[in-house]
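Asker: Handing you a structure now.
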Amino acid sequence: MKRLKLAGVGCGSRTTTYMKLAAKTPERYQLVGAADPIAWKVDRIAQMSDYADFRKFASADELLKEDRFADVLIIGTQDQYHVEPCIAAMEKGYDVLLEKPIATTPEDVLRLESVAKHLGRRVLICHVLRYTPFYQKVKELVTNGAIGEIVTLQASEGVGTFHQAHSFVRGHWGVTERSSPMIIQKSCHDLDIIQWMIDRPFTRVSSFGRLSHFTEANRPVDAPLRCIDGCPVGESCQYNAMRYLTDQRSWFGHVYNGGENASDDDLRAWLRTSPWGRCAYRCDNTAVDHQVLNIDFEGGITATFTMSAFDSGRNIEIWGTEGVLRGGAYTKELADCDIIVRRHATRETTRHTVMPVTGGYSSHGGGDWGLIDALYDEMQVANPDDMHSSLPVSVQSHLVGFSAEASRLTQQVVYAQAFREQHTRSP
């Protein structure tokens, strides 16, 4: 078996996770290089590698100036810097594992798709939920006719209150104008699942949502700019940044080198200057904290999706001509199983429990491991359009999200074909 050589650019938590999992299957993968402006992140990946000539770079541009030295380039840079290194990598001859979202604008999503098609490159988007045992089981049941033909689908994602505050208020994706719309950045996973289940082109979208809670108007009286300065409601505030020192300490691993093992004094000093020390009601955030979508698909199938900061976990309900499927966090909590299928005619109920594969980010239900497990075979497919999660399919679900954001901002229904034409650049 030929080992695929992997290199990574943008060595944050996502690239590091994928590289770490790949290193656990040395019969398939070999880690040969990495690039990041922060040297310790590159060193962290180099330490995982058994490759004597592991190459280190200070930037994606520096790596991409060199001749191709790997089979697959993993791109985990910040959202706004996905397209350019991906196109440069394809032009160098790399196949690509690209972190979601594909891009921060629909124009760039479609441009990348066009270049990949022209060059015949394999580009796999990190839609890790597709690779979880849970969603694979849902897809199997739907495909095998457990509920007949799909009529309508409802899905939801609870981001989690502290996750919202950490990532989408204080963190990298708090200001939409510097990253990407919340519905794209956080929920493109869910839109990909909806697209995968229904497996038909969407025709139109409407959407509503806004930033309601994490605003100055909801700031507690006398709350300081930084939680460490002594907030009068600090002990009861669920967003108190001082929780990074206690029950939310694991978040430090994503933004602060050695944060999990750093001393409390070091962490307090860091909270005095870092964005993550700010009061969650006194930030410059613009990302929405709730949004709903209505989606119409060819053949008359409909779907709805709700994203909310004020819940945790994902849920899915699919109504078919012969039955209904319900699964996810609520089902697990209330019924102690993952999926319930009920037939309309007989009222027969079948329960299914799936075991997540360990490895990677726990909230992805084994999807990180599943993605890396699938990557090897995906990169052997002769025709990129035949990949399990092909780029055109990922583009389709991204366009659902960008159409939804356009609808939210304009308060109008957005039609798929017109939207694509509007945002397709001339060659």
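Asker: Just checking, does the range 187-207 include any residue being open to solvent by 30 Å² or more (accessible area, probe 1.4 Å), closer than 30 Å to His127 by Cβ, of a type in the set (Gly, Ala, Ser) and at pLDDT 95 or above?
Answerer: So far as the range 187-207 goes, no, none of its residues is open to solvent by 30 Å² or more (accessible area, probe 1.4 Å), closer than 30 Å to His127 by Cβ, of a type in the set (Gly, Ala, Ser) and at pLDDT 95 or above.
Asker: If only one of Glu140, Glu149, Glu157 is under 30 Å from Arg343 (Cβ atoms) and touching a Phe, Trp or Tyr at 6+ places or on another chain (Cβ under 8 Å), which one is it? Write out each step before concluding.
Answerer: On the way: Glu140 fails: touching a Phe, Trp or Tyr at 6+ places or on another chain (Cβ under 8 Å); Glu149 fails: touching a Phe, Trp or Tyr at 6+ places or on another chain (Cβ under 8 Å).
Glu157 is the lone residue from the list that is under 30 Å from Arg343 (Cβ atoms) and touching a Phe, Trp or Tyr at 6+ places or on another chain (Cβ under 8 Å).
Asker: May I ask you to list the residues in the range 195-213 that are out of contact with any helix residue (DSSP H, G or I) (no Cβ under 7 Å at 6 or more places or on another chain) and either under 22 Å from Thr132 (Cβ atoms) or assigned to a helix (DSSP H, G or I) (or both)? Let's see the steps before the verdict.
Answerer: Applying the first criterion (out of contact with any helix residue (DSSP H, G or I) (no Cβ under 7 Å at 6 or more places or on another chain)) to the range 195-213 yields 198-200, 210-213.
Within the range 195-213, Ile198, Asp199 meet the criteria.
Asker: May I pose another question? Out of the residues in the range 214-224 that are farther than 17 Å from Val175 by Cβ and assigned to a loop (DSSP other than H, G, I, E, B), state the one that is least open to solvent (accessible area, probe 1.4 Å).
Answerer: First pass over the range 214-224, keeping only residues farther than 17 Å from Val175 by Cβ: 217-224.
Filter once more, keeping what is assigned to a loop (DSSP other than H, G, I, E, B): 219-224.
Numbers: Arg219: 78, Pro220: 32, Val221: 116, Asp222: 119, Ala223: 4, Pro224: 25 Å².
Ranking the candidates gives Ala223 first.
Asker: For the range 385-427, enumerate the residues that are of a type in the set (Asp, Glu) and touching a residue at least 40 places away in the same chain (Cβ under 8 Å).
Answerer: First, the residues of the range 385-427 that are of a type in the set (Asp, Glu): 385-386, 405, 421.
Answer for the range 385-427, where residues must be of a type in the set (Asp, Glu) and touching a residue at least 40 places away in the same chain (Cβ under 8 Å): just Glu405.
To keep it simple, each residue is scored yes or no on (1) part of a helix (DSSP H, G or I); (2) at pLDDT 95 or above.
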{"residue": "Lys2", "(1), (2)": "no, no"}
{"residue": "Gly8", "(1), (2)": "no, yes"}
{"residue": "Arg14", "(1), (2)": "yes, no"}
{"residue": "Met19", "(1), (2)": "yes, yes"}
{"residue": "Ala34", "(1), (2)": "no, yes"}
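Asker: Which one of these is of a type in the set (Phe, Trp, Tyr) and open to solvent by 10 Å² or more (accessible area, probe 1.4 Å): Tyr51, Tyr29, Tyr18? Break it down into steps so the answer makes sense when it comes.
Answerer: On the way: Tyr29 fails: open to solvent by 10 Å² or more (accessible area, probe 1.4 Å); Tyr18 fails: open to solvent by 10 Å² or more (accessible area, probe 1.4 Å).
Only one candidate qualifies: Tyr51.
Asker: Please verify whether Leu293 is over 14 Å from Ala165 (Cα atoms), open to solvent by less than 30 Å² (accessible area, probe 1.4 Å) and either modelled with pLDDT of 95 or more or in contact with a Pro (Cβ under 7 Å, 6 or more places away or on another chain) (or both), treating the condition exactly as stated.
Answerer: For Leu293, the condition - over 14 Å from Ala165 (Cα atoms), open to solvent by less than 30 Å² (accessible area, probe 1.4 Å) and either modelled with pLDDT of 95 or more or in contact with a Pro (Cβ under 7 Å, 6 or more places away or on another chain) (or both) - is met.
Asker: Moving on. Across the range 167-186, which residue is farthest from the chain's Cα centre (by Cα) among those that are surrounded by 24 or more Cβ atoms within 10 Å (Cβ to Cβ) and in a helix (DSSP H, G or I)?
Answerer: Here the answer is Val169.
Asker: Which condition breaks for Glu140 when tested against (1) open to solvent by less than 30 Å² (accessible area, probe 1.4 Å); (2) free of Cβ contacts under 8 Å to residues at least 40 places away in the same chain; (3) closer than 28 Å to Phe297 by Cβ?
Answerer: (1)
Asker: Check Ile38 against each of (1) under 23 Å from Trp251 (Cα atoms); (2) β-branched (Val, Ile, Thr); (3) crowded, with 18+ Cβ neighbours inside 10 Å and name the one condition it does not meet.
Answerer: (3)
Asker: OK, next. Filter the range 380-427 down to residues that are over 19 Å from Gln185 (Cβ atoms) and among the small types (Gly, Ala, Ser), then give me how many there are.
Answerer: 5
Asker: Would you tally the residues in the range 54-78 being open to solvent by less than 70 Å² (accessible area, probe 1.4 Å), within 26 Å of the chain's Cα centre (by Cα) and farther than 22 Å from Trp369 by Cα?
Answerer: Of the residues in the range 54-78, 6 are open to solvent by less than 70 Å² (accessible area, probe 1.4 Å), within 26 Å of the chain's Cα centre (by Cα) and farther than 22 Å from Trp369 by Cα.
Asker: Could you tell me whether Val128 is β-branched (Val, Ile, Thr), open to solvent by less than 20 Å² (accessible area, probe 1.4 Å) and farther than 30 Å from Leu325 by Cβ?
Answerer: On the way: β-branched (Val, Ile, Thr): yes; open to solvent by less than 20 Å² (accessible area, probe 1.4 Å): yes; farther than 30 Å from Leu325 by Cβ: no.
The answer is no for Val128.
Asker: Now for a different question. Pull up the range 60-93, narrow it to residues that are in contact (Cβ under 8 Å) with a residue 40 or more places away in the chain and not hydrophobic (A, V, I, L, M, F, W, C), then point me to the one that is farthest from Ser13 (Cα to Cα).
Answerer: Within the range 60-93, the match that is farthest from Ser13 (Cα to Cα) is Asp71.
Asker: Taking the range 280-306, which residues are under 27 Å from Pro232 (Cβ atoms) and in contact with a Leu (Cβ under 6 Å, 6 or more places away or on another chain)?
Answerer: Passing the criteria: Arg282, Asp289.
Asker: Can you pull out every residue in the range 144-162 that is assigned to a helix (DSSP H, G or I) and in contact with a Lys or Arg (Cβ under 9 Å, 6 or more places away or on another chain)? Walk me through how you get there before you give the answer.
Answerer: Of the residues in the range 144-162, the ones assigned to a helix (DSSP H, G or I) are 161-162.
Residue satisfying the conditions is Phe162 alone.
The values are calculated or read from the model by the stated rules, or taken from the named source; none is laboratory data. Just so it is clear, the model here is predicted, and its values are computed rather than measured. Here Cβ is always computed from backbone atoms with ideal geometry, including for glycine, and neighbour counts include all displayed protein chains. In case anyone asks, the SASA skips ligands and DNA or RNA and just uses the protein heavy atoms, side chains included. Shrake-Rupley method; radii C 1.70, N 1.55, O 1.52, S 1.80 Å.
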